[in-house]
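Structure record follows, encoded as structure tokens.
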Amino acid sequence: MTLTDICTLEEWKAFEIQIHEKFNIDANVFNPDGIRITDHKAWVNRLCPAIKANPKGQAFICAVAHMNIAAEARQKKVPVIEECDAGLLKLVVPLFVGDEYIGAVGACGLLLDDGEVDAFLIEKIIEMPESEIEILSDGIQSISREQAHALIEAVVEKWREMSSKQARG
């Protein structure tokens with residue numbers, strides 16, 4: 001079973017947009033290999049695009065965070081809330097049909113509670129001056145753990161609705 005057996009790519013994209021609009025967070029649906037299934041991208045800060053634009057940032061900050069957190073969510077079969085190495089929220093909700101893992105919904109790009117960007121680590125990985133990191137980090141919004149859990153509940157509820165609709169045929 002695949003994600004597109006449950007919904008069309010257009011429906012998944014609409015879901016990503018809905019999560020973004022409701023929670024002001026970058027949300028994406030990933031296949032079991034950790035690859036985004038739509039072309040939707042809604043940056044919620046100026047720092048993340050700069051990190052992702054750098055091959056080292058993509059490989060050693062973004063991809064590693066998603067792989068590790070998604071693996072934990074998949075193994076434990078529960079949503080996981082953590083921070084990436086840049087200091088930003090990374091949340092993953094695993095998607096299962098029965099015992100079969102078919103993908104995940106990930107959300108990121110905000111500061112968790114009173115967290116802060118790890119400018120030192122970002123500077124070391126992507127070799128961007130700390131002063132530029134601070135400028136790009138200015139104004140990054142926060143999300144509380146309570147709001148993160150509300151986001152998880154919204155994703156889980158929508159997943160139940162989508163997967164039960166498919167099960168009914």
Gyration tensor over alpha-carbon atoms, segment 86-156, equivalent ellipsoid semi-axes in Å: 30, 15, 7
State, as an integer percentage, the relative contact order of the chain based on alpha-carbon contacts under 8 Å between residues 6 or more apart. 23 percent
Which whole-Hz ³J(HN,Hα) couplings does segment 42-52 yield from phi under the Karplus relation 6.51 cos²θ - 1.76 cosθ + 1.60, θ = phi - 60°, glycine and proline marked x? 10, 4, 10, 7, 8, 6, 4, x, 5, 5, 5
J(HN,Hα) series, segment 130-137, from Karplus relation 6.51 cos²θ - 1.76 cosθ + 1.60, nearest Hz, glycine and proline x: 4, 5, 5, 4, 4, 5, 5, 7
Candidates Asp114, Asp26, Asp85, ranked by Gaussian network fluctuation over the chain, Cα under 10 Å, top entry: Asp114
Report the one residue of Phe23, Trp159, Cys108 whose Cα lies farthest in the direction of the positive end of the charge dipole of the chain (charges on C-beta: Lys and Arg +1, Asp and Glu -1; origin at the Cα centre). Trp159
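With the radius of gyration and the Kirkwood radius both derived from the Cα set of segment 24-105, what is their ratio Rg to Rh?
Result for segment 24-105 is an Rg/Rh of 0.96.
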Run down the aspartates and glutamates and flag those whose C-alpha is under 12 Å from the C-alpha of Lys56, throwing out any fewer than 8 positions away in its chain. Glu123, Glu127
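What does the net charge come to around Val29 if you take all other residues with beta carbon closer than 9 Å to its beta carbon, with K and R at +1 and D and E at -1? Could the numbers behind the result be given before it?
Working: positive: Lys13, Arg36; negative: Glu16.
Charge balance in the 9 Å sphere: +1.
I need the trypsin sites (Lys or Arg not before Pro) found in segment 28-82, filtered to DSSP loop residues with at most 16 other beta carbons within 10 Å of theirs.
Details: sites: Arg36, Lys41, Arg46, Lys52, Lys56, Arg74, Lys76, Lys77; in loops: Lys41, Arg46, Lys77.
Passing both the DSSP loop test and the Cβ count: Lys41, Arg46, Lys77.
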What number in nm² do you get for the chain if you take the convex hull of its Cα atoms and divide its surface by four? 9.1 nm²
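Roughly how many percent of the accessible protein surface of the chain is carbon and sulfur, given a 1.4 Å probe and a whole-percent answer? Please list the in-between numbers first.
Values: 4420 of 8740 Å².
Here carbon and sulfur together make up 51 percent of the probe-accessible area.
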Using the Karplus curve 6.51 cos²θ - 1.76 cosθ + 1.60 with θ = phi - 60°, work out ³J(HN,Hα) for each residue of segment 98-113 in order, rounded to whole Hz, and write x for Gly and Pro. x, 9, 8, 7, 10, x, 7, 10, x, 9, 7, x, 10, 7, 8, 6
Could you please state, rounded to a whole Å, how far the C-alpha centre of segment 1-73 is from the C-alpha centre of segment 122-169? 9 Å
Among Met1, Val44, Ser142, the residue whose Cα sits farthest towards the positive end of the charge dipole of the chain, when +1 is placed on the Cβ of each Lys and Arg and -1 on the Cβ of each Asp and Glu, is Met1
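The values are calculated or read from the model by the stated rules, or taken from the named source; none is laboratory data. Owing to the predicted nature of the structure, the values given are computational and were not obtained by experimental measurement. Neighbour counts run over all protein chains shown; Cβ positions are idealised from the backbone, glycine included. Just the protein is used for accessible areas: all its heavy atoms, side chains included, with ligands, DNA and RNA removed. Shrake-Rupley method; radii C 1.70, N 1.55, O 1.52, S 1.80 Å.
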